[in-house]
């Protein structure tokens, strides 16, 4: 898991993908760009890889539930964030 701005604001990777075991999952909390060098390298090795957009969506849904008591809003949050991320060049 990368929880830094490396790959977003500066080039490079915080993880040596070749050191990861087969079947590992790589999670980069960066969501702009949608495909960071880390995610690209992980996918090139056949590893599962995900960017931070889903975490953003789930955090928004949980926050909404805590404030309003209304659960199950992840799909609404996903639909709301998709055009915003697309404007930034990072599809949700």
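The values are calculated or read from the model by the stated rules, or taken from the named source; none is laboratory data. The model shown is predicted, which means the values in this text are computed figures rather than measured ones. Cβ sites come from the backbone with ideal geometry, for glycine too, and all protein chains shown count toward neighbours.
The single condition among (1) within 15 Å of the chain's Cα centre (by Cα); (2) surrounded by fewer than 17 Cβ atoms within 10 Å (Cβ to Cβ); (3) assigned by TED's automatic domain parsing to the domain that holds residue 89 that residue 57 does not satisfy is (2). If you go through the stretch 69-78 and keep only what is within 18 Å of the chain's Cα centre (by Cα) and either surrounded by 12 or more Cβ atoms within 10 Å (Cβ to Cβ) or in the same structural domain as residue 30 (by TED's automatic domain parsing) (or both), you end up with 74, 76, 77, 78.
Residue-level check: of (1) assigned by TED's automatic domain parsing to the domain that holds residue 81; (2) in contact with a helix residue (DSSP H, G or I) (Cβ under 8 Å, 6 or more places away or on another chain), residue 66 misses just (2). Of the residues making up the stretch 12-51, those that are loosely packed, with under 11 Cβ neighbours inside 10 Å and either in contact with a strand residue (DSSP E or B) (Cβ under 9 Å, 6 or more places away or on another chain) or under 23 Å from residue 87 (Cβ atoms) (or both) are 12, 23.
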